[in-house]
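I have placed the structure first, in the form of structure tokens, so that the comments after it can refer back to it.
The values are calculated or read from the model by the stated rules, or taken from the named source; none is laboratory data. This structure is a prediction, so every number in the text was calculated from the model and none was measured. Neighbour counts run over all protein chains shown; Cβ positions are idealised from the backbone, glycine included.
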Amino acid sequence: MSLVYLPLTIGFYLLAQQLQKRINTPLLNPVLVTLLALVALLLFAGIEYEAYNRFSGILTDLLKPAVVALGVPLYQQLHSIKRELPQILLTVFVSVIVAVASTTAVALVLGASTEIAASLSPKSVTTPIAVLISEQVNGQPSITAIAVIVTGLVGSVIGVPWLKAMKITDPKAQGIAMGTACHALGTARIVEEGATQGAYSALSLVLSAIFSALVCPVVVPLISALF
């Protein structure tokens with residue numbers, strides 16, 4: 001049974017892709033549909049996640065070259081990115097401060113403990129870095145990992161429709177918004193809209209991770225002290 005975990009996961013994803021093509025709605029995001037199908041299968045069949053991951057973990061490892069591959073559209077847009085780099089840096093930096101501060105504040109206002117609030121603060125950063133940031137601010141890395149996954153899934157499902165509803169049509173603005181707000185999953189979604197969006201999203205993803213590592217240890221304790 002264990003040998004079918006990997007092809008089964010790939011099969012679920014391919015079927016989910018076909019389903020989205022037939023029923024054109026962002027709610028049927030292939031990643032989300034595949035995740036829900038796998039969770040249902042593991043629960044129904046009583047399969048331990050550790051056993052499943054042991055034979056399908058190669059897919060997680062493939063995320064590393066996939067992220068590196070995002071450098072291709074980034075390189076193609078390098079001439080315009082160089083010209084606009086100061087504005088991009090400022091935009092992403094301010095966005096990270098707002099995201100970290102608002103997430104921490106809202107969590108505390110809703111009654112979450114300081115530890116939970118700290119765990120949620122780096123939710124818009126790619127998982128490996130978010131977990132390290134969580135440890136820095138005395139959060140729970142396991143909670144952070146879940147928050148990152150949920151943020152990415154929600155962003156990949158509703159991000160593009162929301163941008164269009166808000167009349168944000170500039171490809172560069174769309175890319176920066178998705179990369180900063182919902183990391184790799186958001187970038188994987190917005191690159192489907194065009195190479196420009198993909199390039200700016202990939203750059204923002206990296207900058208967001210760097211700035212979050214600098215901002216969280218300062219902003220999270222400050223917001224926690226205020227509440």
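Out of region 85-113, which residues are more than 18 Å from SER212 (Cβ to Cβ) and in contact (Cβ under 8 Å) with a residue 12 or more places away in the chain?
In the first step, residues of region 85-113 are kept if they are more than 18 Å from SER212 (Cβ to Cβ); the result is 85-87, 108-113.
Once the filter is applied, which keeps residues that are more than 18 Å from SER212 (Cβ to Cβ) and in contact (Cβ under 8 Å) with a residue 12 or more places away in the chain, region 85-113 yields LEU108, VAL109.
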Scanning region 189-199 for residues that are in a helix (DSSP H, G or I), surrounded by fewer than 24 Cβ atoms within 10 Å (Cβ to Cβ) and without any contact (Cβ under 8 Å) to a residue 60 or more places away in the chain gives GLU192, GLU193
Does THR114 satisfy the criteria of being within 18 Å of the chain's Cα centre (by Cα) and of a type outside the set (A, V, I, L, M, F, W, C)?
no
I'd like to check something: does region 47-57 contain any residue that is modelled with pLDDT under 75, in a helix (DSSP H, G or I), surrounded by 13 or more Cβ atoms within 10 Å (Cβ to Cβ) and hydrophobic (A, V, I, L, M, F, W, C)?
yes
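Taking region 111-128 as the region of interest, how many residues are among the aliphatic types (A, V, I, L, M) and in a loop (DSSP other than H, G, I, E, B)? Explain how you work it out, then say what you get.
As a first pass, look at region 111-128 and keep what is among the aliphatic types (A, V, I, L, M): 112, 116-118, 120, 125.
Imposing the further condition that a residue be in a loop (DSSP other than H, G, I, E, B) reduces the set to 112, 125.
Qualifying residue count for the region: 2.
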